[in-house]
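The values are calculated or read from the model by the stated rules, or taken from the named source; none is laboratory data. Treat the numbers as computed from the prediction; the structure is a model and nothing was measured. Note that we place each Cβ from the backbone using ideal geometry, even for glycine, and neighbour counts take in every protein chain shown.
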Amino acid sequence: MNRRRALIVDDDRVFRAVLDRTLSRAGFVTAHAENGDQALEVIQDFHPELMVLDIWMPGDFDGVEVCRRVRADPRFQGLIIVMMSAADKRKETDRCLQAGANIFIAKPFSPKQFLDQVKLLLREKGRSA
């Protein structure tokens, strides 16, 4: 049985661990990246169907730029991108959606509500949750 794949991109190890535990319990195989540069490398071989992407990270590319680059690659057209940040939701939501994110979720977040949103996005994409 093929398990779903999720790439978690966040420089905060605690958030990575929470997201990893939440997604693993829901049946996902996960891979991690600590910054945008790593994310752009990992995605090439891992081919996730979900990417959870923090906005503010160290490195050459922030989450918004990673989202733009991934959306420009035809191989990842069906990828679901969930962007997250502790920054002001009103300011960041538009930037994230314009870059190609499916949804923006503010930190801190409820793991259950996060997973409910992911399941909804999967159903909208025609994939059973």
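Could you identify the single residue in Ala39, Ala33, Ala99 that is of a type in the set (A, V, I, L, M) and farther than 20 Å from Asp20 by Cβ?
Working: Ala39 fails: farther than 20 Å from Asp20 by Cβ; Ala33 fails: farther than 20 Å from Asp20 by Cβ.
Result of the check over Ala39, Ala33, Ala99: Ala99.
Scanning for something of a type in the set (Val, Ile, Thr) and part of a strand (DSSP E or B), does region 8-19 turn up at least one residue? First the steps, then the outcome.
Taking region 8-19 as the starting set, the residues that turn out to be of a type in the set (Val, Ile, Thr) are 8-9, 14, 18.
Retained after the next criterion (residues that are part of a strand (DSSP E or B)): 8-9.
Taking every residue of region 8-19 in turn, at least one turns out to be of a type in the set (Val, Ile, Thr) and part of a strand (DSSP E or B).
Just one of the numbered conditions (1) buried (at least 21 other Cβ atoms within 10 Å of the Cβ); (2) free of Cβ contacts under 8 Å to residues at least 24 places away in the same chain is not true of Thr93; which one?
Failing condition for Thr93: (1).
Quick check on my filter: what residues within region 91-121 are basic (Lys, Arg) and either in contact with a Gly (Cβ under 6 Å, 6 or more places away or on another chain) or assigned to a loop (DSSP other than H, G, I, E, B) (or both)?
Passing the criteria: only Lys107.
Residues checked against (1) modelled with pLDDT of 95 or more; (2) surrounded by fewer than 18 Cβ atoms within 10 Å (Cβ to Cβ); (3) not in a helix (DSSP H, G or I):
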{"position": "Arg21", "(1), (2), (3)": "yes, yes, no"}
{"position": "Ala31", "(1), (2), (3)": "yes, no, yes"}
{"position": "Glu41", "(1), (2), (3)": "yes, yes, no"}
{"position": "Asp60", "(1), (2), (3)": "no, yes, yes"}
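Within the bounds of region 15-35, is there any residue that is without any contact (Cβ under 8 Å) to a residue 24 or more places away in the chain, over 24 Å from Ser110 (Cα atoms) and of a type in the set (S, T, N, Q)?
There is no residue in region 15-35 that is without any contact (Cβ under 8 Å) to a residue 24 or more places away in the chain, over 24 Å from Ser110 (Cα atoms) and of a type in the set (S, T, N, Q).
For the condition at pLDDT 95 or above and aliphatic (A, V, I, L, M), what is the one hit in Leu122, Leu50, Leu97?
Every option except Leu50 fails the conditions.
With respect to Arg69, determine if the residue is in contact with a Leu (Cβ under 8 Å, 6 or more places away or on another chain), surrounded by fewer than 19 Cβ atoms within 10 Å (Cβ to Cβ), farther than 22 Å from Leu122 by Cβ and not acidic (Asp, Glu).
Answer is yes for this residue.
What number goes with the only condition from (1) within 17 Å of Arg4 (Cβ to Cβ); (2) crowded, with 16+ Cβ neighbours inside 10 Å; (3) not acidic (Asp, Glu) that Lys119 does not pass?
(2) is the only condition that Lys119 fails.
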